[in-house]
Amino acid sequence: MLPLSSCCRHATRSLLAISDSNAICTGLPALRTQVRNYAKARPGVAKPSSHGFSKVQKKGKGGELEGTDQVAATKRKRYTAFLPMPVAQLTHPLFETDQRNGQLQLQNFHPEILTDAVTSQALAFPQNDKDPFRIFGLPRNLLVEYRILSKPCSVIRDVTIDVINKLDAASLEGSANHRLVVAGSPGCGKSVLLLQALQYSYMRDWIVLYFPRAINLVNSTTSYTYDPRTLTYTQPVFAYQTLERLLTVNGPRLEHLRTQASVEVERRGTVPAGTTLVDLVKVGTKEQALAPTVLAAVLSELGEQTTFPVLLAIDDFQAIYCKTKYRDPHYSRIQPYHLSMPRLLLEYASGLRRFARGAVVGALSSTDTTFKLPLELAEALGLPPTSSGPYAKRVPELQDYAKGLSRVSVPDALTVSEATELFDVWARDRAIPAVPNDELFLAKYSESGGNARDFIWKGLLSTLTL
Amino acid sequence: MATVGLKAFELFASRLSCRPPRLHVLALRSLTTTAATTPPPPNSRFVPPASLETMDEAQLEGDGFDVDRRSRRPRPESRRPVPPSPAFYTARSLYYDTLVQLQSALSLSRRALRAQHLLPLPPFALRALPPAQPAWANKAEMSLILQAPLTARMYKRVVMLLRELDQYERIARVADATELEDAITDITKGFESKKGIQARDTRIRAREVKERGPLDRYGRSYTVGRRKTSAARVWMIEVQKPKDSTSEPVANTTSILSSSNATTPPPPTSTVLINSVPISNYFPLPADREGVLRPLKLAGLLGAFNVFALVRGGGTSGQSGAIALAVAKGCVAHVPEVEPILKKAKLLRRDPRMVERKKTGLAKARKRYTWVKR
């Protein structure tokens, strides 16, 4: 059950107060309705956890998903994503820990070396404190994969070079004509391609905003409140988290930018023109209720400036075009364009809002079957629709939001050289349970038909051959 | 020693007449005639003691081969007729005579082979002999040959002896002992019939066709496999090697798979399509996928053939098993040398297990209803 929004609660109480006072004035007996006191989050309470250290909840903040290890550890307990033991704890000689550390020597992913000569090569993603992967997070299956491997890496393919060329073109033009959607069969490498594009643009001094699991915007896991000013449902917590992450990753670049126009913020007055974007973001992070407005303002400011190109990367792109799991007071499902965060993303994806320099890149995902590729998006991209027929309904608003999207098709199968490189990475990292010989490679490549996810997960990691 | 044995055997073999009926007809005739003076034909061997007195010494010595020296006694002057064979009173004399003759032939040929150190052969040598291709007469024809109604047991006795003789003949053939081989052939060819020869030729032709594994004009094999209620038809064709080695973009990293630092072309890979769908889409379970490709893996033919299968009936693992059997047969069709490997791995055997029927009085095939004490 979703909690009642704070404004609704206040409204009820004020109504009751008014009615009571009216009753007293007119001499009628006062309304004796129940006033319910909902439990409030008590800040500053330290809950003892089994790890022996306490997690202190800061007031008003939701905590980053991939932030400190302490927070991450307790969060992981709940989310049950695979977490391997640290290599240093494997002291038994059977684990051959001394031979594990220096095995995987890969070149670093750097924009300068990304040319056709480097296709079918694996490059390691850099790992720092403010890395977009750490801060924004990763799709769940890729998170588990990078936990099994010793370091996050990926194989450069021809599509990678295509997308990078398109991003280079987009850095000069705007996002109006550079709205890409990465599509392909399940498990072919769409999310990884998006990660490569993200890393590339981050290293090229773009301002990046990445939504690794856009499904969390629409599956009713984050709080929502009705905003009578915009007549939409805002998602303050998610907006607040997005602002925090944007600030952490792009802080130094946002320092250089200043607002062109004053920004009106409800109940806090206006933020004058000329303030740094960092300060504007901090206005939103101080109070969750203001976060949606501030986020929209920050993005529009970023859209107008031309100092840095902006990348808006969205995984699970099809989820923002599906009917959400949120319910309105009539218990009907809310459309995505009636929620603040999906609406914002839809507006940038459709070109209604644009970045003067930059691009919008989305990646489809078929993992979650409750948010399948909708008909409107499938038709706009030229993909075979999942549901069709003469009686299939199309929502005109979503059709408008899907206009002008261009498709980037990822090939269904890895080429043999790409698969060889991938196999090599896993073999050198000692992550394959079987003996890594050419028989295993050929067998698993044939069984998976070249599909990357099947090759690794159902092939190399699921095999019972020794 | 060997020559003595051979010579004796040859003589003995020449004694074995190819037309026993005539001999015994004459013998019978001789028995039925009242003329006491007609001597028994020179080829008869057994002379009852009572008749010995009637025969001359010269006649006895003229045989040249004495079966029973001890029975040489002065012949009485009685005129009792001599049964032509010791088995005369069995009413199946030719049959028993033939058995005795075949057993003697066996022991003689055994002796001859042993003298040439060809017996006893070690098991690997026995297995390496050319296969037996018998053309024996069937029971009815053998009854005609041996002039006696044969039961199955009687027929089997004859055939067992003939088989052993045939084995010795094959050993002699392989060892280039032509005289012995011809001698045994002389004996055994009397027991072959036209029908048997025809049947043998058909069998040989069928086996050749089966061994060759017909490939059609495009070089595709077509094989069928079945498992439970699934049936699969599989076409396998060789992967075309790219003529231009520089066509594919080559990885220039040193990897575990590449043998040298030089840029090598990527290896060919097998594509498997099942009902026109790639195997990764058709079989989501890794076990089913591995089962389909197991014959290629064991035979070392991964990347050598592309597989196209049409499968129908049953469930996922049944269909996977059917395709695996058909793929194994296809491998044998293309590369007959891998047959022993796949046979050892039991991949060429059609799994005979089917769903067991439900029985009356039981809840399912084996499950019983709950036992109630009262």
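The values are calculated or read from the model by the stated rules, or taken from the named source; none is laboratory data. On a predicted model such as this, the values are computed, not experimentally measured, just so you know. With ideal geometry, Cβ positions are generated from the backbone for all residues, glycine too; neighbour counts draw on all protein chains shown. Surface accessibility is based on the protein's heavy atoms, side chains included, excluding ligands, DNA and RNA. Shrake-Rupley method; radii C 1.70, N 1.55, O 1.52, S 1.80 Å.
General remarks:
- Net charge dipole size for the stretch A:176-409 [Lys, Arg +1 and Asp, Glu -1 on Cβ; Debye, nearest 20]: 280
- Accessible-area loss of 20 Å² or more (1.4 Å probe, protein heavy atoms, chain alone versus all protein chains) is found in the stretch B:272-321 for B:I279, B:S280, B:P284, B:P286, B:R289, B:E290, B:L293, B:K297, B:L302.
- With the simple spin-label model, which puts each label point 7 Å out from Cα in the Cβ direction, the A:F95 to A:E347 separation comes to 5.1 nm.
- Restriction of the trypsin sites (Lys or Arg not before Pro) in the stretch A:312-367 to DSSP coil positions whose beta-carbon has at most 14 other beta-carbons within 10 angstrom yields A:K325.
- Couplings 3J(HN,Hα) of the stretch B:187-198, computed from phi: 6, 6, 5, x, 9, 8, 10, 4, 4, x, 5, 4 Hz, in residue order, whole Hz [Karplus 6.51 cos²θ - 1.76 cosθ + 1.60, θ = phi - 60°; x for Gly and Pro].
- Spatial offset of the stretch B:323-359 relative to the stretch A:173-241 amounts to 52 Å, using the alpha carbon center of each.
- Centre-to-centre, using Cα atoms only, the stretch A:101-118 and the stretch B:155-208 are separated by 73 Å.
- Debye equation applied to the C-alpha atoms of the stretch A:176-409, log10 I(q)/I(0) at 0.08 Å⁻¹: -0.29
- Prolate/oblate/rounded call for the stretch B:93-211, Cα gyration tensor, a/c under 1.5 rounded: oblate
- Alpha carbon centroid spacing (whole Å) that separates the stretch A:255-332 from the stretch A:367-434: 28
- About its Cα centre, the stretch B:93-211 has a charge dipole of approximately 540 debye under the convention of +1 per Lys or Arg Cβ and -1 per Asp or Glu Cβ, with nothing else charged.
- 3J(HN,Hα) along the stretch B:354-360: 10, 5, 6, 6, 7, 10, 6 Hz, from the Karplus curve 6.51 cos²θ - 1.76 cosθ + 1.60 with θ = phi - 60°, whole Hz, x for Gly and Pro.
- For the stretch A:272-365, the list of chymotrypsin sites (Phe, Trp or Tyr not before Pro) that fall in a loop by DSSP and count at most 14 other C-beta atoms within 10 angstrom reads A:Y331.
- For the residue pairs A:K286/A:K323; B:K228/B:K297; A:K444/B:K343; B:K228/B:K373; A:K190/A:K323, the alpha carbons lie more than 27 Å apart in A:K286/A:K323; B:K228/B:K373.
- For A:S332 and A:E379, the FRET efficiency from 1/(1 + (r/R0)^6), where r spans their Cβ atoms and R0 equals 30 Å, is about 0.80.
- Contact surface A-B: accessible area buried, both sides summed, square angstrom, 1.4 angstrom probe: 2200
- Residues B:T360 and A:K282, FRET efficiency given R0 of 60 Å [Cβ-Cβ distance, rounded to 0.05]: 0.15
- Summing charges over neighbours of A:T367, with a neighbour being any other residue whose Cβ is under 14 Å away from its Cβ, gives 0 when K and R count +1 and D and E count -1.
- Leading residue at positive end of dipole, the stretch B:93-211 (Cβ point charges), from B:S143, B:L106, B:L165: B:S143
- Computed over the stretch A:176-409: relative contact order in percent, which uses C-alpha pairs under 8 Å that are six or more apart: 29
- For the stretch B:292-374, the dipole from Cβ point charges (+1 on Lys and Arg, -1 on Asp and Glu) about the Cα centre works out to 1060 debye, to the nearest 20.
- Taking the stretch B:93-211 and dividing mean pair separation by its residue count, relative contact order in percent (alpha carbons under 8 Å, at least six apart): 36
- Average beta-carbon neighbours from other chains, 10 Å sphere, peptide A:445-457: 5
- Legend: calculated FRET efficiency, A:D400 to A:K40, from the Cβ-Cβ distance at R0 = 51 Å, rounded to 0.05, equals 0.75.
- The stretch B:93-211, accessible surface, carbon-and-sulfur percent (1.4 angstrom probe): 55
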